[in-house]
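Participant: Once you've had a glance at the structure underneath, I'll fire off some questions.
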Amino acid sequence: STEAIVDKYNNKRSSITKAGKVSVSATDDTKLKALAGNVAYVSGTMLQAAVGGALVDNNIGTSDKKQQVRAQIKNTDITAVEGTDVDVSATNTSGILSVAIGGVATRESGALGVSVEGTKATSTIYTNTEASMTNSSITGAGTTDADKKENGAKADVDVTASNNSTIVNTADGLAISG
């Protein structure tokens with residue numbers, strides 16, 4: 001899990017004063033790569049058999065325990081100055097590359113030749129990506145300019161969460177008997 005959180009401490013709300021920029025971000029870019037392969041060749045004059053297989057199984061998180069990417073501002077009072085930026089962002093760019101390759105061949109002279117090959121590549125990504133601002137406030141700092149004092153300082157607030165996870169799987173096999 002990847003988390004960036006601003007929250008209360010000892011049951012007291014947190015506060016950020018005279019904030020010009022507040023940025024809370026969490027990013028996970030976990031990358032998994034796996035390669036499995038085999039080659040088998042048998043040659044002779046009697047009964048020939050070649051068997052091969054390759055298996056790849058990759059997971060990020062599970063269905064019961066998902067990978068967490070979380071950015072939050074909770075239970076916080078922010079006192080802004082004019083032009084304050086508040087950004088809360090969570091980004092997940094995790095990815096999996098799985099390759100399973102196999103090949104078998106038999107060559108016989110007048111007898112029976114058998115070739116069997118199997119490959120399997122399985123990948124799953126279980127994630128929760130969250131950005132939030134809860135039970136929090138943004139107020140103006142109060143300036144000598146009457147209008148700003150009455151209306152409070154203005155702040156730009158962006159809360160974004162994006163999940164751009166990728167999976168590339170390939171399972172290739174070849175069996176030749178001759």
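The values are calculated or read from the model by the stated rules, or taken from the named source; none is laboratory data. What you are looking at is a predicted structure, and each value in this text was computed from that prediction instead of being measured. Glycine gets a Cβ as well: all are built from the backbone with ideal geometry, and neighbour counts include every protein chain shown. What goes into the accessible areas is simple: the full protein's heavy atoms, side chains included, and nothing from ligands, DNA or RNA. Shrake-Rupley method; radii C 1.70, N 1.55, O 1.52, S 1.80 Å.
Participant: Can you tell me which residues in the range 98-140 are assigned to a loop (DSSP other than H, G, I, E, B) and under 25 Å from the mean Cα position of the chain (by Cα)?
Facilitator: 126
Participant: Is there a residue being among the small types (Gly, Ala, Ser), within 30 Å of residue 97 (Cα to Cα) and in a strand (DSSP E or B) anywhere in the range 22-30? Quick ask: steps written out before the conclusion?
Facilitator: At the first step, the residues of the range 22-30 found to be among the small types (Gly, Ala, Ser) are 23, 25-26.
Applying the additional criterion that residues be within 30 Å of residue 97 (Cα to Cα) yields 25-26.
If we keep only those that are in a strand (DSSP E or B) as well, we get 25-26.
Within the range 22-30 (the criterion being among the small types (Gly, Ala, Ser), within 30 Å of residue 97 (Cα to Cα) and in a strand (DSSP E or B)), the answer is yes, since at least one residue qualifies.
Participant: Here's another thing I want to ask about it. Taking into account only those residues within the range 63-85 that are under 24 Å from the mean Cα position of the chain (by Cα) and assigned to a strand (DSSP E or B), which is farthest from residue 40 (Cα to Cα)?
Facilitator: Among residues in the range 63-85 that are under 24 Å from the mean Cα position of the chain (by Cα) and assigned to a strand (DSSP E or B), the one farthest from residue 40 (Cα to Cα) is 74.
Participant: Determine, yes or no, whether residue 104 is at pLDDT below 90, open to solvent by 30 Å² or more (accessible area, probe 1.4 Å) and more than 30 Å from residue 160 (Cβ to Cβ). Spell out the reasoning first.
Facilitator: Numbers: at pLDDT below 90: yes; open to solvent by 30 Å² or more (accessible area, probe 1.4 Å): no; more than 30 Å from residue 160 (Cβ to Cβ): yes.
No: the conditions fail for residue 104.
Participant: A further question on this structure: Hey, could you check the range 31-60 for residues that are open to solvent by 50 Å² or more (accessible area, probe 1.4 Å) and of a type in the set (S, T, N, Q) and say which is farthest from residue 164 (Cα to Cα)?
Facilitator: Step by step, filter the range 31-60, then rank; the result is 45.
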